[in-house]
Structure formats: structure tokens, C-alpha cells
Amino acid sequence: MQPGLWCGSVEEIHLKTFYIETFGCQMNAHDSEKVVGTLLREGYSQVVDEADAGLILYNTCSIRDKAEQKVFHRLNEYKRMQGEGKKFAVLGCVAQQEGNKIFERAPYVSLVAGSASYRNLPEMLARLEAGETRITGLDDRQTDETFDTEFTSRTNPHRGYITIIEGCDKFCSYCVVPYTRGKERSRTSASVLAEAQRIAQMGFTEIQLLGQNVNSYLDPSGKRSFAELLAAVGEVNGIKRVRFTTSHPRDFTKDIVDAIDAVPTLCDHVHLPVQSGSTDVLRAMQRDYTRDWYLERIAWTKAARRDISLTSDIIVGFPGETDRDFEDTITLLETVGYDAIYGFKYSPRPNTPAIHMHDSIPEDVKVARLAILNARQREIQRENYGRHLDQTVEVMVEHGANSRGQITGRSTQNKTVNFMCDSTPPSGSYIDVRITQVFPSSLVGEAISVPTVPSPALAAQQALNARVPVVH
Ligand code: 5AD
Ligand code: SF4
């Protein structure tokens, strides 16, 4: 049977249809693209309504807050559907973290698998189809394997994701990832480049390299450093933009900035999470760098010939964070002048070293600090975005006209640009826009060039993505 297309008896349709729900980061979103590709390959069809699905998959995230409670709450909602002969699978970080406990609390779940075991999905699906229950894929940190598949279902219409490294060996004291995604393991640069070429042939012009720590990348074939791989992906025929996330300051080397300077297709954007501006808090977080070490990497980036936009993640209210420590974070925001930050209140996570520290900062103080952080950052962005006034920026078109008649796209710095245009440029095309107005988190302008025409292959791919096969 052709993947993704239905053909068979009513019973077979029901069993071989799936619905997937995804939470969390881009790694999870891309994992789901690979899981969907694998399911289609195994003869399943994707449906857009859970009521039509024989198999419901839930790809979970456990990075912050009360993630496990939210998962169990959602599973409770699935409970009412168990009488309909549906099967349920829990994937991702909460699956890895909670393991067999999920079967105890939600006995109607048949499959629990963490991301390190997805390469075994075909075998697990066969067991599921054979009627087995309580199937687990809970590889721990021992695995050396990555989940590479040619059968990725690329649902992001503009961006082709490539995982270059899985897992994390950093063990920051607040973070659950090393326990849920296993140890660091990189793909060979040859396999990454082959995937980049496939993506380019599909018509995508933008690639994003993914990893919990992309710059810890260690080519198993020893051929390329991360910066060299980045440059090589940027040189793949047809690729116009390359992004990468997330970088760890500890492994952020100057050759990454040099590569951005040298290869025009590498985007003017570095996401370099600092987490805190206080060296004392960084030590308690086991981040393995100081404020000054971080600022040195920022200085390299600012010294580049290109205007590289900087963004960050910040945690407020880590155990023991004093007013003075928090003030250090605020002054760091001012020193760096980020274009965007993602601020989070610290939340204790299972298995992490920080769970044994007293969660000493009261919730109202965390809330107040986060509000101060976001307000200060907004002022910084108001100032920063001003530099784009009257500039011409190249925009990749993402959405057609909104209610104000504006088209939306993104600049190389990943900034949202809303602009007026005489025609409606096709999604995925590139167009030059002159900036006429600036806001703290978006730019407004007018098109001043004719859009490039996206390749027919991209249009075909987008049409395929839009047509998620629905079986009623
Ligand atoms: N509490 C709050 N924020 C966290 N993050 C990771 N773990 C925690 C936690 N326990 C944030 C970090 C990380 C981002 C993805 O999530 O800032 O960079
Ligand atoms: Fe978590 Fe730290 Fe690894 Fe990032 S580097 S995934 S914050 S442990």
C-alpha cells in the first residue's frame, strides 16, 4: 500500500489510522515528523480528528512545570475513548521519565516509548498490531544510536529540520533532558549532508540544524567540526538559509562566528542561552561557565562583520537566587542587548540534582522577577529594533495577507516582518522589504522587489503536507 493512502477493509482502516499530538520544543516537533514518516511507511494513514483514529499518539514534553500532571490529565480525557477499540501510545520525555508508571495510572495505554528508542518503532508497532499491551521503549542512557530515517514527514512548510546530535551530557542541575533524551550521540557529517541535499531537492530553501547542544557536535567520522558542518550545509545547492539551535556557551567556539561571517547562507542569528547573569547562580546551576566567559562569546559575536542577532533563555528564581543575583541578570540583558529572550520561572524537575535543593524563592517573588525581566527586555527590544528603520531586509514569506492586508514573513535574524505588497507573494518566496515602522517584537514595511518564485518541488511538498490524509 502506498504510504499515507488508505486501501483496505473498515476494520483495517480503523487499526491503521493514527492521530498525533505534539508538545514541547522543536526537537519534539521534528521527532514527531520522523514518527509520522515511520507510521506512514508502515502503512498507516494520518487523520486530523482523534475520533477517526485507531491509534492515538501523544508526544510529550517534561522540561518545566507540572508536565507529568498535565500528561495524566490529558490521558484521563483519552480514557473515555478506550471502549471504542482505540489504542494509545505515549512518547517523548514524560514517557521516558514516568516509564511503567504510565501503565499503572492509565492501563488503557499500550505503548510507552522515549525518544532514544524510536528507531525500534516499526517493531513496536508490529507488536501493538499483534495485540500486545504494555510495550515499552525505554532505552536508558546506554544507547549509542540515533534515529535517522529517510521517511520524515516534513510538516513545517518552510523549514527542513535536521537532527545532528541527540541527547545531552551537560547535566545542568535544573534540567531533566539528560535523563529523558539520553547521552549525547552525533550523526556523521556525511549523513547530515546527505539529508540536507535531500531537503534541498524537495524544494526547501531553509534548514535548521537541531540538537539539545548543537555545538557539542562530534562527528563520529572525525571529518568535520560543528562550524565546518554548518558551513558545508550552507553550501548545499539550493539552500538559502541555515539556522541552528540550541548552542551551549561552554562549547561555543569562535569558528562558529567566523563561519557565519564567511558563508552568506548562514543566518544572522545565534541563540545562546545564558540562564542567569550571576556567576554564583551559574555555578549552582552547573552551567560550567562564568558571566565573563559568556560575555566573551557575546563579544566575538558582536565583533562579526554581520549584524548577528542574539537571543537567550533565562531562568528566574533558581534556589538561592538573591536580589543581587537577579540584578546581575538584568544588567547582563542590558550589556548584551538581546533581540529576544525566553524567560522561565524555575520549577523543580524529577531526578535532577536541583530537586534536592530547597526551592527557596517564593512563587510571588518568581512571578515578580519574571515580570521585571520581561518588562526590561521589552524596553531593550524597543530600542534594538529601532536600528532596522529604513533598512532593507530580505524576508521569507510565511503567510498570506492578514486582516490589515499585510503579508507575514521572517528576516534572516528570525524577526517577524509584516509588510504591504501589491501582489500576494507565494509562501516560501523571498522578497526585499523596506522597514517603515518598528515595534518591540516585529517590523513593518513595504515590499520593494519582485518575489522569487519558490521551486515547483516546494509547492508540491506544501500541497502534500496540507493534504493530511483523512479517513472517515
Ligand atoms: N525550570 C525552569 N526552566 C527550565 N528550563 C529547563 N529546565 C528548567 C526548569 N527546571 C528552561 C531553560 C532551557 C529552556 C529550554 O527551558 O531556560 O534553556
Ligand atoms: Fe538541559 Fe543543560 Fe543539557 Fe540544555 S545543556 S538540555 S539546559 S542539561
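When each pair of different Cα atoms in segment 159-386 is counted once in the 1/r mean, what is the Kirkwood radius in angstroms, to one decimal? Hydrodynamic radius (Kirkwood, Cα only) of segment 159-386 equals 18.5 Å.
Classification of segment 112-233 by its C-alpha gyration tensor yields an oblate form. The axis ratio a/c (a ≥ b ≥ c) is 1.5 or more, and b/c is at least a/b. Take 202-208, 287-293, 126-132 and order them by the average number of nearby Cβ atoms within 10 Å per residue, most first; the result is 202-208, 287-293, 126-132.
A P(r) calculated from all alpha carbon pairs of the chain, with 20 Å bins opening at zero, reads 22, 55, 23, 0 percent. Let me know the whole percent of all Cα-Cα pairs from segment 50-157 that are separated by more than 20 Å. Percent of Cα pairs beyond 20 Å in segment 50-157: 41.
Using the beta-carbon distance between residue 436 and residue 379 and R0 = 25 Å, what value does 1/(1 + (r/R0)^6) give for FRET efficiency, to the nearest 0.05? Taking R0 as 25 Å, the efficiency between residue 436 and residue 379 is 0.70.
Dipole of the chain computed with +1 at Lys/Arg Cβ and -1 at Asp/Glu Cβ about the Cα centre; of 260, 175, 88, farthest Cα towards the positive end is 88.
D by Stokes-Einstein for segment 228-335, Kirkwood Rh over Cα pairs, 4 °C, 1.567 mPa s: 87 µm²/s.
When the Cα positions of 237, 293, 308 are compared along the charge dipole of segment 204-311, 308 comes out farthest toward the positive end, with charges on each C-beta of Lys, Arg, Asp and Glu. In this Cβ point-charge picture (+1 for Lys and Arg, -1 for Asp and Glu), the chain has a dipole of about 200 debye about its Cα centre.
Would you give the gap between the C-alpha center of segment 28-82 and the C-alpha center of segment 310-388, rounded to a whole Å? Each part's Cα centre sits 32 Å from the other's. Across all Cα atoms of segment 389-455, the radius of gyration (one decimal) and Dmax (whole number) stand at 10.4, 33 Å.
Other residues with beta-carbon under 12 Å from the beta-carbon of residue 449 carry, at +1 per Lys or Arg and -1 per Asp or Glu, a net charge of -3. Among 439-452, 221-234, the peptide with the highest mean count of other Cβ atoms within 10 Å heads the list, and the full ranking is 221-234, 439-452.
Where a number appears in this text, it was derived from the coordinates with a stated rule and is not lab data. Note that this is a predicted model, so its numbers are computed, not measured. Positions of Cβ are backbone-derived with ideal geometry, glycine not excepted, and every protein chain shown enters the neighbour counts.
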